[in-house]
Structures are given as C-alpha cells and as structure tokens.
Amino acid sequence: MAARILIVEDEVAILELVVFNLQQAGFETIRAENAERAMIVINDSLPDLILLDWMLPGMSGIEFARMLRRNERTRLIPIIMLTARVQEGDKVSGLEIGADDYITKPFSPRELIARINAVLRRMVPEASEEVIEIKGLRLDPSNHRVTVNSREIELGPTEYRLLHYLMTHTDRVYSRSQLLDRVWGDHVFIEERTVDVHIRRLRKALQFTGMDNWIQTVRSAGYRFSIVPDISSKDSDERS
C-alpha cells in the first residue's frame, strides 16, 4: 500500500511541485499550509511521514516538530525538514529536535523521493514499495500481488494489508488493538474481534499452500507471523 505523506508547506508553488512529484512516484499526499491545519489532519489519521517546512506562518516547523515528538501518539512519525537554511547549526537544530532527515531548498524531486524512501525503509518498512519474499511467499506492493511459487493468491484489501504488515514484522506478537491501529488505521473504531475474522480469511487463502500455519495465534496475547512451527498453541479457540 502506498505511503501517506503529509506535506506542511505554505509556499504554493513548492507545495504543488512536491505533491505532483510524490504522486508520480506512487505516494498518497495530504496538504497542509500551516501547523494548525497539519494537526487537524494528524488528529484524524496518522500519516506515514511528514515533510515539514521550517518557516511556517504562526507556529514554526521546528516548534511543531518538537510538539509532535513530545506527544506519545505522534512521537514516532518520521519527519523530514524542508528549509532554505544552509548553516550547519540549523541542520543540527533540526536533527536535535527529532527530525529524521533534512533537505535544503532548492532540491531536486529525485533527491526528495530518494530521501523519503530511505527514511521509510528505516522507520516504517511496511510503507515502502520493496518486494517482500519469505520462503516462496512473495508480496509485491507495486501491484498489490501476492504469489506462492508464482501462483497468485487472491486476497481482499484488508487481508492484503494485514499480510503486508505481518510479513514486515516477523516473529513479533501484536494484540488485536495494535493490529487495528497499524493495519486498519489510527482512530478506527471497530470491534477487536474484527481482526479474528480477517485472520481466518487470510489463513483460508493461504491454506492450499501449507503456509496458513505461519499466521500464529499466541494465547491471551494476539497474533504473529513466523515460519518457525508453533507447538504451544495448536488450534486454539481463536483459530479456524
């Protein structure tokens, strides 16, 4: 799935240029002309990355970044600062408040996209467009295809996102609420048991491959993706 990039920039020409090039590169873009509008966007749904101009009307980009880093909900969102400032001290200031990268204006679209991809790979691998392959199970984000030894697996959009997330976070246990936040999206209000329904659908789609047992139930904890056989929780009540 395409990464959602929030662009916080008050110069219209730069904003339009960045939006055009990011959309051409396959990203989903959201616009905000100041920190206040950006906060409204973030309160609605967390982006995968923020491109943040240093000089904004009202609250500056540096102040806004500092505020995001102090907030438990937003502290892990990757931030790339955009600025005309070229002094080393300014760059250090941006990085010290928690920015993940820093790019000076004017910049080339290719450089910007390369920086974004590098940060996404480092911070949120599930948002990158890189092909994921584990023991013959191959997921290609560029065309949303999942195959096993070249045979395509039919998945619904939610099952696809769920598999994508689990394959990029192997051997880690996630509760239902964590999966709701990270797969369905922040601020989504649906029952946690919905996760069980989609886990069952995902396992059913993988059943003919024998890989359905890679989607493991961890009793009283949640789910994990692992190719290591789980002998502790065979066919629990939550599996079917």
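Observations on the model:
- Looking only at region 54-98, and only at residues there that are more than 25 Å from the chain's Cα centre (by Cα) and either aromatic (F, W, Y) or within 16 Å of R37 (Cβ to Cβ) (or both), the one that is modelled with the lowest pLDDT: M55
- Within region 104-116, residues that are among the charged types (D, E, K, R) and modelled with pLDDT of 85 or more have Cβ atoms under 7 Å from residues that are surrounded by 15 or more Cβ atoms within 10 Å (Cβ to Cβ) and part of a helix (DSSP H, G or I) in no pair, counting only partners at least 6 apart in sequence or on another chain.
- In region 156-181, residue surrounded by the most Cβ atoms within 10 Å (Cβ to Cβ) [restricted to those that are farther than 24 Å from D230 by Cα and in contact with a helix residue (DSSP H, G or I) (Cβ under 8 Å, 6 or more places away or on another chain)]: T158
- Where G26 falls short, out of the listed (1) over 16 Å from the mean Cα position of the chain (by Cα); (2) surrounded by fewer than 17 Cβ atoms within 10 Å (Cβ to Cβ); (3) in contact (Cβ under 8 Å) with a residue 60 or more places away in the chain: (1)
The values are calculated or read from the model by the stated rules, or taken from the named source; none is laboratory data. Keep in mind that what you see is a predicted model, and the values were worked out from it rather than measured. Cβ sites come from the backbone with ideal geometry, for glycine too, and all protein chains shown count toward neighbours.
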